[in-house]
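What follows is one structure encoded as structure tokens, with my remarks underneath.
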Amino acid sequence: MPLPGGADPATAARLEAHTAGNGDNEAQPTPDDPLYLFGCSLLWREKADTNAGWELIHGLKSEDREVRAIARVLLAKAQNVRLPAASEPGLEVATGVPSSVAADINRNPVEVVGMNTPYGLEIIDSCLHCKMRIESCFCNLSPEMLKSFSAASHQATYPGGALLFLEGQKPRGAFVLCSGKVKLSTTSREGKVLILKIAQPGEALGLSAAISGTSYELTAETTGPCQVTFVERETFIKLVEKNGELGLRAAQALSHEFQSAYRDIQELVLARSSAGKLARLLLSWTGGRENGGSEIRLRTSLTHEEMAQMIGASRETVTRVLSDLRKKDWIRLDGSTLVIRNKTALESLAA
């Protein structure tokens, strides 16, 4: 069976030789090739080839972490296929998998189906079955509209540091952040970077550019593993034209985006000093929580450079201000955790 998408002929030949029962050891590949594992998953799902299924199990024992993760994902997609009985004569010798492991897999198929993606995130195949839906413009669509939106969109998982789109790039479509965080930034002609926002799950990204057809205004970069729903621009425009509900949700998302940008500009411009701007930034992470004599602990993965880019200052300035705040015992740092000890003092500084 040839592999899809123009697979490597050598790999296809090895897979074909393997599934045909070729005993030539030199022709037998090891289950450390992701493309080979993908071909095995197709044979297992479409032709119930048990040899191919056991090759995926072999992949779980690989020393390569990414190969193990890929094997888990491929196993998770084989929901209606059962491996041969553990008592089958010669099974352990033929596959190299202990009979106890085979029996456990057959008794508990949910454990295989429910495994995570390579980045440790829940698998999202459709918006209809998403377990991470939250109160947001596009997560709260009516069932009928959600079904249409899900059919027109694509889900993808990205590692940290991935670029969803670049400032000035022609819009390909709109994104909805399902999980993780995305850094939205702009760059001056001199190369100075200003981080305008850290997008949270449920937010739409690149929506205004997708609707207007103009270039993306910002650069969107993941700060860690993220899951994103993407819908192409032409498809999205057609959906908006046909469905008033989706048009209303898009308008609400744009309104929230405008209001957020307006508040950020106010805080950035009205603060008199870099210390005041940094204090505003730290306070914005508290979500309005009051310490009431106790400490407020905030986990942050932002570097001093990124904090500086968020307030329009230099890294050296941020380092100096944080040092001053620590000396005054207003804050302290426990590794990547920022502890606010005196919120009232920070509010005075930010005023």
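If you go through the range 152-195 and keep only what is within 21 Å of the chain's Cα centre (by Cα) and surrounded by fewer than 13 Cβ atoms within 10 Å (Cβ to Cβ), you end up with HIS154, PRO159, GLY161, LEU163.
A quick yes/no check of all residues on (1) on the phi < 0 side of the Ramachandran plot; (2) of a type in the set (A, V, I, L, M, F, W, C); (3) assigned by TED's automatic domain parsing to the domain that holds GLY180:
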position: GLU221; (1), (2), (3): yes, no, yes
position: VAL228; (1), (2), (3): yes, yes, yes
position: ARG233; (1), (2), (3): yes, no, yes
position: ARG249; (1), (2), (3): yes, no, yes
position: MET310; (1), (2), (3): yes, yes, no
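ASP104 passes every criterion in (1) modelled with pLDDT under 85; (2) among the charged types (D, E, K, R); (3) in the same structural domain as TYR216 (by TED's automatic domain parsing) apart from (3).
Does the range 220-243 contain at least one residue that is hydrophobic (A, V, I, L, M, F, W, C) and out of contact with any strand residue (DSSP E or B) (no Cβ under 9 Å at 6 or more places or on another chain)? Yes, the conditions are met somewhere in the range 220-243.
Being in a strand (DSSP E or B), among the charged types (D, E, K, R) and more than 13 Å from ALA261 (Cβ to Cβ) is the filter here, so list the residues in the range 191-229 that pass it. Reasoning before the result, please.
To start, the set of residues in the range 191-229 that are in a strand (DSSP E or B) comprises 193-199, 204-205, 219-222, 226-229.
With the extra rule that they be among the charged types (D, E, K, R), the set shrinks to 197, 221.
Answer for the range 191-229, where residues must be in a strand (DSSP E or B), among the charged types (D, E, K, R) and more than 13 Å from ALA261 (Cβ to Cβ): just GLU221.
When you check GLU245 against the structure, is it among the acidic types (Asp, Glu), in contact (Cβ under 8 Å) with a residue 60 or more places away in the chain, assigned to a helix (DSSP H, G or I) and more than 27 Å from LEU349 (Cα to Cα), yes or no? Spelling it out, GLU245 is indeed among the acidic types (Asp, Glu), in contact (Cβ under 8 Å) with a residue 60 or more places away in the chain, assigned to a helix (DSSP H, G or I) and more than 27 Å from LEU349 (Cα to Cα). With the condition kept exactly as written, say whether any residue in the range 282-292 is modelled with pLDDT of 85 or more and not β-branched (Val, Ile, Thr). Scanning the range 282-292 turns up at least one residue that is modelled with pLDDT of 85 or more and not β-branched (Val, Ile, Thr).
The values are calculated or read from the model by the stated rules, or taken from the named source; none is laboratory data. Computed from a predicted structure; not experimentally measured. FYI the Cβ positions are ideal-geometry reconstructions off the backbone, even for glycines, and counts take in every protein chain you see.
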